[in-house]
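These notes concern the structure reproduced below.
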Amino acid sequence: HNNNNNNNSSNNYNKVQTLRSLHIDYVHDIAFDHYGRRIATCSGDRTVKVWDLSDDGEWTFRPGTGSEWSAHRGSVCRLSWAHPEFGQLLATCGTDHAVSVWEEREGSGLSLIGGDTSSMLNPTSYSGASTAPPPGMSPTAATRWVSKATLTDARRAVTCLEFAPRHLGLRLA
């Protein structure tokens, strides 16, 4: 039995990469999508950020492309990805007593995040990043996360949530 693996693609998963959170407050949660090719982070700074795994095994975050948005009026405590058969859905909860379900949509430009320009984050406030799209990405390639539902009946901060397994349908606990 030979345990040596010379396959470069598997070596990419063994690399250690330290990610700067790019949040301006504590990160409260991090979650992988179903395929393990995306992660989402949420923070006390009221934002959610989505990171993508590149083909060379590096986690990348691109400010100004719709991969960050102001998700709640208070700290964002937890997040959960839905199964991909339901689309690119993320649920978030926070100290503002709310639960929100977000859907990723193809954007028509970089100026819209969540469909509302007032919630747009200034991408230059993170790591001195430029507002221009990354090399090779046109402004029309940007996505945005649109609020699909908001539940506001909680009497206190909502600190935990999870999408149900696929076989139970699109349900949130």
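Just a few scattered comments:
- All positions within region 72-96 that are outside any strand (DSSP E or B) and open to solvent by 20 Å² or more (accessible area, probe 1.4 Å): Arg73, Ser75, His83, Pro84, Glu85, Phe86, Gly87, Gln88, Thr95, Asp96
- Scanning region 97-107 for residues that are of a type outside the set (A, V, I, L, M) and outside any strand (DSSP E or B) yields His97, Gly107.
- Filtered by the rule that a residue be part of a strand (DSSP E or B), at pLDDT 95 or above and basic (Lys, Arg), region 134-173 gives a lone residue, Lys148.
- Each residue in region 33-44 was checked for being on the phi < 0 side of the Ramachandran plot, open to solvent by less than 40 Å² (accessible area, probe 1.4 Å) and under 13 Å from the mean Cα position of the chain (by Cα), and 7 pass.
- Candidate set from region 17-71 (those that are in a loop (DSSP other than H, G, I, E, B) and of a type in the set (Phe, Trp, Tyr)); member that is modelled with the lowest pLDDT: Phe61
- Filter result (open to solvent by 20 Å² or more (accessible area, probe 1.4 Å), closer than 25 Å to Arg166 by Cβ and within 13 Å of the chain's Cα centre (by Cα)) within region 12-32: Asp29, Ile30, Phe32
The values are calculated or read from the model by the stated rules, or taken from the named source; none is laboratory data. A quick note: this is a predicted structure, and the numbers were derived from the prediction, not measured. With ideal geometry, Cβ positions are generated from the backbone for all residues, glycine too; neighbour counts draw on all protein chains shown. SASA here: full protein model, heavy atoms, side chains in, ligands and nucleic acids out. Shrake-Rupley method; radii C 1.70, N 1.55, O 1.52, S 1.80 Å.
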